[in-house]
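Let me begin by presenting the structure, written as structure tokens, before commenting on it.
The values are calculated or read from the model by the stated rules, or taken from the named source; none is laboratory data. All values derive from a computational prediction rather than experimental measurement. A quick note on method: Cβ atoms are made from the backbone with ideal geometry, for glycine too, and the neighbour counts reach across all protein chains shown. To get the accessible areas, we keep the full protein, side chains included, count just its heavy atoms, and leave off ligands, DNA and RNA. Shrake-Rupley method; radii C 1.70, N 1.55, O 1.52, S 1.80 Å.
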Amino acid sequence: MKTILIIEQNESIRENLVEWLEWDRYKIFGASNGLSGLELARNFIPDLIICNIIMGGMHGHDVLFSILNTPTTSKIPFIFSTTKSEKKDRTDALNLGADDYLVKPYELEALSALASSWIKSGSKRFPLQLI
């Protein structure tokens, strides 16, 4: 069974996403903040990560940076799920290494399609070259 990690501070959104994706027969891990999400990612190595950007404590961009700079998690497809709807926000997130970017509110069917696609294809980002 494929696994998805959802990092979402808003409990009702997180619960809705978990419930919806479980219907698609995924095993779901949910985290309410970036630090617990990173811990789950490193312990369980999910097939996909869906992460909010604006969270208390650790910002979503910091979560992505940590995921990309950890060898065991660097190849996991990463989707931002956010209310930040400016074109620059999306461009910045993709330039940082996110694989995709969903603006809330979105259709859950669209999320299911993206999840399936990214899990099948894997991340397309180039490996980071640390100097």
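Do we have Leu94 as assigned to a helix (DSSP H, G or I), open to solvent by less than 60 Å² (accessible area, probe 1.4 Å), closer than 13 Å to Ser123 by Cβ and free of Cβ contacts under 8 Å to residues at least 24 places away in the same chain here? Against the criterion (assigned to a helix (DSSP H, G or I), open to solvent by less than 60 Å² (accessible area, probe 1.4 Å), closer than 13 Å to Ser123 by Cβ and free of Cβ contacts under 8 Å to residues at least 24 places away in the same chain), Leu94 qualifies.
For the stretch 1-51, the strands (runs of 3 or more DSSP E) that sit wholly inside it and include 3 or more residues that are in contact with a Leu (Cβ under 6 Å, 6 or more places away or on another chain) and at negative phi are 3-7, 27-31. Within the stretch 7-33, being of a type in the set (A, V, I, L, M) and either touching an Asp or Glu at 6+ places or on another chain (Cβ under 6 Å) or touching a residue at least 60 places away in the same chain (Cβ under 8 Å) (or both) holds for Ile13, Leu17, Leu21, Ile28. Checked against the criterion of being over 21 Å from Arg14 (Cα atoms) and either open to solvent by less than 50 Å² (accessible area, probe 1.4 Å) or in contact with a Phe, Trp or Tyr (Cβ under 6 Å, 6 or more places away or on another chain) (or both), the stretch 106-113 has no qualifying residue. Evaluate the stretch 55-76: report whether one residue or more is under 21 Å from Ala113 (Cβ atoms), assigned to a loop (DSSP other than H, G, I, E, B) and touching a helix residue (DSSP H, G or I) at 6+ places or on another chain (Cβ under 9 Å). Scanning the stretch 55-76, I find at least one residue that is under 21 Å from Ala113 (Cβ atoms), assigned to a loop (DSSP other than H, G, I, E, B) and touching a helix residue (DSSP H, G or I) at 6+ places or on another chain (Cβ under 9 Å), so the answer is yes.
Cβ-Cβ contacts under 7 Å between residues 6 or more apart (or on different chains), taken from a first residue in the stretch 34-52 that is modelled with pLDDT under 95 to a second residue that is surrounded by fewer than 16 Cβ atoms within 10 Å (Cβ to Cβ), are absent.
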